[in-house]
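Asks: Have a look at this one.
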Number of protein chains: 2
Amino acid sequence: MVKKQKKTGDYNIRVRVWVDKKNKPFLGLGRVILLEKIKKHGSINAAAKSIKMSYRQAWQLVKEMNECAKQPVIEKTIGGANGGGTVLTAYGEAVIKNFYTLQSKIQSFIEKDCNDFII
Amino acid sequence: MVKKQKKTGDYNIRVRVWVDKKNKPFLGLGRVILLEKIKKHGSINAAAKSIKMSYRQAWQLVKEMNECAKQPVIEKTIGGANGGGTVLTAYGEAVIKNFYTLQSKIQSFIEKDCNDFII
DNA sequence: ATTCATTATATAAATAAAAGCATAACCGAG
DNA sequence: CTCGGTTATGCTTTTATTTATATAATGAAT
């Protein structure tokens, strides 16, 4: 959940990034990983299990994400052959990519320009 | 405890910074504020009350900080005229300053170079 | 010597957060 | 039309975190 940064002497800088929409949490590393697992497993249920998260929490997180996003990040179907499932939308895919880009940018900056934290 | 960042469309980027020593948390915004309150009030007790934190937690935090720091960030005295107290060292003062400098640097970078988070 | 407000610390209580459970609706396949 | 596995959601239980309480030690001032 938390990325390590370049060492500065004996210390190392750690940073955590979120994207909010109107003060409501939209994206964080945990949520992004959940989206990735949904893509991989095809259901909220299986995704939650794969990261030892309760289904309820996973379901609430995707609900919040969908509420914040301009377009749905996932699409769900209830019932049917395998009971239903959830797939990541192309928009959701873009969201993941952009989040990682943002995070990498910040991390790179810290590694490059914040190694003068000597105390 | 959490700093707001420049808006990028309807979204805003939020970041939280910590400094660790050998994977142990050393500094975060909460701890820095606690140090500032200790400086202001002259005791862990009064500092904790001023930010509605339990004395126990405040005491543990300064203990951890002192354990991580190369030099003590505070100096305590037990007993005496007013029962004792705690003062911030010059080193602790430098620690506060450096933390804020680090945080500002990261925030400025985000405001300047991360406003392309459009999704 | 007594007092007083502090540090120091263990233990208990209270709060908050997460997980678990139960139940209903859904719908393609057999 | 029943079955299976999923989403959806309220309610309960458990777990984790934080705070509160209690007690001891300290030492300058009275």
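Asks: What are the residues in region A:65-74 that are away from DNA strand D (no atom under 11 Å from the Cβ) and either away from chain B (no Cβ under 14 Å) or touching a Gly at 6+ places or on another chain (Cβ under 7 Å) (or both), if any?
Replies: A:Val73
Asks: If I ask for residues that are farther than 16 Å from A:Asn82 by Cβ and aliphatic (A, V, I, L, M), which ones from region A:31-47 would you list?
Replies: Once the filter is applied, which keeps residues that are farther than 16 Å from A:Asn82 by Cβ and aliphatic (A, V, I, L, M), region A:31-47 yields A:Val32, A:Ile33, A:Leu34, A:Leu35.
Asks: Then there's this: For region A:54-71, enumerate the residues that are more than 16 Å from DNA strand C (Cβ to nearest atom) and farther than 18 Å from A:Leu29 by Cα. Quick ask: steps written out before the conclusion?
Replies: First, the residues of region A:54-71 that are more than 16 Å from DNA strand C (Cβ to nearest atom): A:66-71.
Result: A:Lys70, A:Gln71.
Asks: Here is a list of conditions, (1) at pLDDT 95 or above; (2) of a type in the set (A, V, I, L, M); (3) closer than 30 Å to B:Lys112 by Cα, and B:Val2 meets all of them except one; can you say which number that is?
Replies: That leaves (1) as the condition not met.
Asks: Can I ask one more? What are the residues in region B:76-114 that are of a type in the set (A, V, I, L, M) and within 30 Å of A:Trp18 (Cβ to Cβ), if any? Break it down stepwise before answering.
Replies: We begin by selecting, within region B:76-114, every residue of a type in the set (A, V, I, L, M); these are B:78, B:81, B:87-88, B:90, B:94-96, B:102, B:106, B:110.
Selection gives B:Ala94, B:Val95, B:Ile96, B:Leu102, B:Ile106, B:Ile110.
Asks: Only one of (1) closer than 15 Å to A:Ile119 by Cα; (2) over 13 Å from the mean Cα position of the chain (by Cα); (3) without any contact (Cβ under 8 Å) to a residue 12 or more places away in the chain is not met by B:Ala81, so which one is it?
Replies: It fails just one condition, (1).
Asks: So which pairs qualify, if the first residue must be in region A:90-119 and at the interface with chain B (Cβ under 9 Å from one of its Cβ atoms), the second must be modelled with pLDDT under 95 and assigned to a helix (DSSP H, G or I), the Cβ gap must be under 8 Å, and the two must be at least 6 apart or on different chains?
Replies: From residues that are at the interface with chain B (Cβ under 9 Å from one of its Cβ atoms), the pairs are A:Lys105/B:Asp113; A:Phe109/B:Asp113.
Asks: Oh, and also: Please work out which residue is surrounded by the fewest Cβ atoms within 10 Å (Cβ to Cβ), limiting yourself to region B:44-63 and to residues that are of a type outside the set (Val, Ile, Thr) and more than 12 Å from DNA strand D (Cβ to nearest atom). Before you say what the answer is, go through the steps one by one.
Replies: First, pick out the residues of region B:44-63 that are of a type outside the set (Val, Ile, Thr): B:45-50, B:52-61, B:63.
From the residues that got through so far, the ones that are more than 12 Å from DNA strand D (Cβ to nearest atom) too are B:46-47, B:50, B:63.
On the way: B:Ala46: 16, B:Ala47: 24, B:Ser50: 16, B:Lys63: 12.
Per the criteria, the residue is B:Lys63.
Asks: So which residues in region A:32-82 are touching a helix residue (DSSP H, G or I) at 6+ places or on another chain (Cβ under 9 Å), of a type in the set (Lys, Arg) and outside any strand (DSSP E or B), if there are any at all?
Replies: Residues satisfying the conditions are A:Lys37, A:Lys39, A:Lys40, A:Lys49, A:Arg56, A:Lys70.
The values are calculated or read from the model by the stated rules, or taken from the named source; none is laboratory data. Bear in mind that the values here come from a model prediction, so they are computed numbers and not experimental data. So basically every Cβ, Gly included, is an ideal-geometry build from the backbone, and we count neighbours across all protein chains shown.
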